[in-house]
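Below is one structure, written out as structure tokens; comments come after it.
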Amino acid sequence: MLPSQRALFDIPAEVAYLNAASFSPLPRATQEAARAAVARKGQPWKIGPDFADTQHERARAAAAALIGADARDVALVSSVGYGVAIAGKVLPITRGARVLVLENDHTSPVLEWMGRADAQGFTVEAVARPADGDWTSAVLEAIERPSAPPLSLASISSIHWSDGGLLDMQKIRDALRRQGAALLVDATHGVGVVATDVKTLDPDFLIFPTYKWVLGPYGRAFVYVARRHQDGVPLEQTAFGRRDVRAENPVYFADTRYLPDARRYDMGERDHFISMEMAAIGMEMMAAWGTQAIIARLAALTGRMSEGLAGLNVRLTDARFRAPHILCLGFAGDALGTLIPALAKEQIYVASRLGRMRVSPHVYNDEADVDRFLAAMTRALG
């Protein structure tokens with residue numbers, strides 16, 4: 001099992017930061033790279049002609065490694081919403097068909113389809129949050145419901161952001177395939193932590209940002225595009241999305257055909273000399289530790305929490321249905337409203353999400369953080 005990596009982060013001993021699902025701290029190495037990158041931008045004449053391409057491909061390869069993809073199948077984008085917008089432009093949604101989303105899922109995999117539904121003549125159906133926390137069964141039931149309109153797409157998170165509900169994406173993919181429907185996965189809370197292999201799963205699109213679990217900055221995200229969709233028109237028209245449009249050429253528009261892979265979907269102004277390298281460093285660290293070692297570490301921490309909360313008046317989702325790195329706690333009455341600020345006063349940081357407390361440790365947390373959290377909860381609820 002991976003030991004705590006706290007020494008790699010600038011986190012004081014008295015701080016228990018249990019909120020990775022909101023945003024992670026940056027590793028010290030990433031912070032140093034950012035400072036060097038800012039200085040580099042201050043003297044741009046020192047930047048070599050191949051520097052930008054080298055950064056792009058380093059980040060693209062790091063993202064691909066975390067999801068079992070080939071680098072050519074990954075586009076550099078700014079956010080999950082940007083990636084979903086690519087899918088909205090590329091995927092054909094049949095008139096009269098359904099697009100499945102999860103109730104209260106994050107905005108990115110939902111609002112794109114809500115915004116297109118009326119004009120394109122399809123309906124958006126939200127799968128209700130199951131009382132027992134079993135999102136997989138709820139989604140499968142919606143996919144296979146008799147007499148329902150035909151299904152074109154499921155646009156869903158692999159782990160629900162608010163409650164940590166874990167979906168069995170392979171079962172869902174198999175059910176969608178039987179219906180001839182596509183799959184878009186918002187893997188924000190899964191990539192780097194839960195094993196993800198796009199060659200086995202075969203989604204149409206899979207998207208994740210760097211600012212949460214893969215220890216990177218805001219404004220960087222990556223979208224896997226299945227090769228069956230790599231002939232679409234990008235959101236933005238860029239020189240680097242074409243085969244040969246270069247300022248160094250004697251003829252600028254030498255070959256305006258799109259690139260033959262997912263690189264055609266790269267966002268405009270992708271030359272982020274500062275944050276692109278930062279994103280690569282975090283993803284490379286995650287890959288070096290390995291998914292199995294990371295999940296063993298985080299499952300041990302959340303397991304310790306679950307056991308310690310057993311005697312308190314707290315509702316927990318069944319372990320069978322929740323992600324191993326996120327705990328969602330329900331309380332009677334209005335206890336949540338006073339708990340969050342009370343914990344923060346003791347420098348214990350968690351989040352309030354849709355009427356529940358979300359606790360999300362990462363590799364920088366240790367058993368002492370968990371024990372401080374449990375002691376504070378016991379004092380507040382005991």
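The numbers here are math on the coordinates, done by the rules we state, and not lab data. Everything numeric here is computed off the predicted structure, so don't read it as measured data. Every residue, glycine as well, gets a Cβ built from its backbone with ideal geometry; the counts of neighbours run over all protein chains shown.
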Original post:
Once you sort the root eigenvalues of the Cα gyration tensor of segment 174-296 as a ≥ b ≥ c, which label holds: rounded (a/c under 1.5), prolate (a/b larger than b/c) or oblate (the other case)?
Top reply: oblate
Subject >> Separation in nanometres of the label points that stand 7 Å from Cα toward Cβ, at L354 and K41 >> reply: 3.5 nm
**OP:** Place the peptides 227-238, 98-109, 73-84 in order of packing, highest mean first, counting for every residue the other Cβ atoms within 10 Å and averaging per peptide.
**Re:** 73-84, 98-109, 227-238
Subject >> Packing rank of 46-54, 5-13, where each peptide gets the mean count of other beta carbons within 10 Å, highest leading >> reply: 5-13, 46-54
**OP:** Classify segment 231-340 as rounded, prolate or oblate from the Cα gyration tensor: take a ≥ b ≥ c as the square roots of its eigenvalues, call it rounded if a/c is under 1.5, otherwise prolate when a/b beats b/c and oblate if not.
**Re:** prolate
**OP:** Work out Dmax and Rg for segment 59-203 from the C-alpha atoms and quote the Rg first, both in angstrom.
**Re:** 14.7, 45
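Taking 41 Å as R0, compute the FRET efficiency from the Cβ-Cβ separation of S22 and E248 and round it to 0.05.
0.40
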Subject >> Student exercise, the chain dipole from Lys, Arg, Asp, Glu Cβ charges, in Debye to nearest 20 >> reply: 260 debye
Original post:
What is the log10 of I(q)/I(0) for the chain, computed with the Debye formula using one identical point scatterer on each Cα and no solvent, at q = 0.06, 0.13, 0.15 Å⁻¹?
Top reply: -0.25, -1.09, -1.34
Original post:
Can you work out the FRET efficiency for the pair D318 and A288, with r the C-beta to C-beta distance and R0 = 25 Å, to the nearest 0.05?
Top reply: 0.15
Subject >> Options S137, L102, P92, ranked by Cα towards positive dipole end of segment 1-150, top entry (Cβ charges) >> reply: P92
**OP:** Considering only lysines 8 or more places apart in sequence, or on different chains, count the pairs in the chain whose C-alpha atoms sit under 29 Å apart.
**Re:** 8
Subject >> Euclidean distance between Cα centres, segment 1-68 to segment 292-325, Å >> reply: 28 Å
Original post:
Among rounded, prolate and oblate, which fits segment 98-183 when a ≥ b ≥ c are the square roots of the eigenvalues of its C-alpha gyration tensor, a/c under 1.5 means rounded, and a/b larger than b/c means prolate?
Top reply: oblate
Subject >> For the chain, with +1 on Lys and Arg beta carbons and -1 on Asp and Glu, the positive-most of A119, V245, V233 along the dipole >> reply: V245
Subject >> Residue-span extension gain [A7 to I340] - 0.36 nm each, minus C-alpha spacing >> reply: 117.2 nm
Subject >> Expected 222 nm ellipticity per residue - DSSP helices of 4 or more, -39500 (n - 2.57), all of the chain, to 500 >> reply: -11500 deg cm²/dmol
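What is the chain's relative contact order, in percent, from Cα pairs under 8 angstrom and six or more apart in sequence?
Normalised by residue count, the contact order of the chain is 25 percent.
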Original post:
Which is farthest toward the positive dipole end of segment 263-382 among A323, G268, A287, measuring Cα position about the Cα centre, with Cβ charges +1 (Lys, Arg) and -1 (Asp, Glu)?
Top reply: A323
